[in-house]
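Single-structure report; data block below.
The values are calculated or read from the model by the stated rules, or taken from the named source; none is laboratory data. This structure is a prediction, so every number in the text was calculated from the model and none was measured. FYI the Cβ positions are ideal-geometry reconstructions off the backbone, even for glycines, and counts take in every protein chain you see. These area figures cover heavy atoms from the full protein model, side chains too; ligands, DNA and RNA do not enter into them. Shrake-Rupley method; radii C 1.70, N 1.55, O 1.52, S 1.80 Å.
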Amino acid sequence: MRILELDAGNSRLKWRLLNGDTVASHGYLANSDNWLQGLPLLMGQVEQVDCARASIVSGRERFELLNAAIDRHFNISLQQASVKPDWRGVRVAYPGIGVDRWLAMLAANHQDRQTDKIVVSCGTAITLDMLNRDGEHLGGYIVPGIGLMKKMLHANTAQLPMVEMAASSVSPGKNSMDCINNGVLAMAAAMVNEQQTTHKDCVVYLTGGDGALLKPYINGECFYHPELVMDGLSFAFEEAVLG
Ligand SMILES: Nc1ncnc2c1ncn2[C@@H]1O[C@H](COP(=O)(O)OP(=O)(O)OP(=O)(O)O)[C@@H](O)[C@H]1O
Ligand SMILES: CC(C)(CO)[C@@H](O)C(=O)NCCC(=O)O
């Protein structure tokens with residue numbers, strides 16, 4: 001069985017092709033790219049699939065584009081994940097939660113039911129969700145992501161430059177670029193570290209485009225899973241799951 005999994009965020013569309021249980025290939029398309037050109041290339045690259053499923057938080061229009069491309073290339077319809085408030089061991093704190101956050105929690109809960117967890121996605125937005133070992137979602141936070149914080153500083157001030165490069169330190173800067181770069185990374189790390197200190201024995205499950213950047217600054221136990229949302233998709237759509 002060849003399955004195309006899609007994680008459509010506000011900056012990028014991540015995809016992977018599963019051949020049975022194996023990830024055969026993966027990649028991404030930026031939202032700023034022309035999808036009318038990019039999607040046919042993506043579909044050509046993965047060849048025929050039996051099933052396509054998606055987590056979409058980037059709006060109806062993106063869904064329509066994806067669905068049309070999948071219909072045209074594979075003659076199948078796109079299965080879109082939607083939040084189920086009490087599903088496969090996870091009970092969400094509120095029904096309007098983003099489907100990507102829900103899927104990341106499903107995946108983390110599936111991997112480990114022995115510990116309390118902090119599920120963090122460091123993407124366009126940074127989301128942090130507290131999930132206890134019984135699968136109860138205790139609530140979370142949504143704040144601007146690292147790229148967005150830098151853009152907002154540049155867009156709303158006269159003197160602050162746009163900092164494109166990635167930070168490599170959280171030390172106080174001695175020029176504007178380092179003050180911004182290290183500062184926003186320090187903020188993101190502080191939010192996670194503060195929760196992990198407050199809630200003893202919590203393990204952090206980290207994902208998102210800036211997850212690898214953030215990981216070295218998390219003080220406690222932290223697992224980085226770049227495909228946590230797509231792992232959640234697999235689990236959410238699995239036919240027969242025990243537990
Ligand atoms: N190759 C890349 N292209 C674009 N952004 C990247 C890349 N690698 C890392 N990033 C970083 O990842 C961030 C976007 O992360 P990600 O792709 O996880 O977001 P998203 O899933 O689209 O957003 P969200 O889920 O918050 O809506 C960007 O702000 C950028 O800093
Ligand atoms: C917070 C984001 C943007 C993170 O991708 C997404 O999960 C979303 O659009 N959520 C909907 C609102 C919510 O989660 O409360």
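Descriptive notes on the structure:
- Value of Rg/Rh across region 61-123 [Cα atoms, Kirkwood radius]: 1.09
- Mean Cα-pair separation over length for region 181-243, i.e. relative contact order, pairs under 8 Å, 6 or more apart, %: 29
- Excluding same-chain neighbours fewer than eight residues apart, the aspartates and glutamates reachable from LYS174 by a Cα-Cα span under 18 Å are GLU164.
- Working ranking of peptides 101-113, 28-40 by packing, defined as the average number of other Cβ atoms within 10 Å per residue, highest first, is 101-113, 28-40.
- The phi torsions of region 46-56, fed into the Karplus equation with coefficients 6.51, -1.76 and 1.60 and a -60° offset, translate into couplings of 8, 6, 5, 10, 8, 7, 9, 9, 8, 9, 10 Hz, rounded to whole numbers, with Gly and Pro shown as x.
- For the chain, the alpha carbon convex hull comes to 133 Å³ per residue, rounded to a whole number.
- Computed over region 38-124, relative contact order equals 24 percent, with contacts defined as Cα pairs under 8 Å that lie 6+ residues apart.
- Accessible-area ranking of LYS84, LYS117, LYS14, LYS151, largest first, probe 1.4 Å: LYS151, LYS84, LYS14, LYS117
- A cut-off of 5 Å between modelled amide H atoms, ignoring neighbours fewer than 5 places along the same chain, links ALA52 with LEU4, GLN79.
- A convex hull fitted to the Cα coordinates of region 2-80 yields 77 cubic angstrom per residue.
- Solvent exposure of the chain, expressed per residue, is 50 Å² of accessible area, with all protein chains present and a 1.4 angstrom probe.
- Sequence-separation-based contact order of the chain, relative, with Cα cut under 8 Å and 6+ spacing, percent: 17
- Less than 5 angstrom separates the built amide H of ALA125 from those of GLY145, all sequence-distant by 5 or more or on a different chain.
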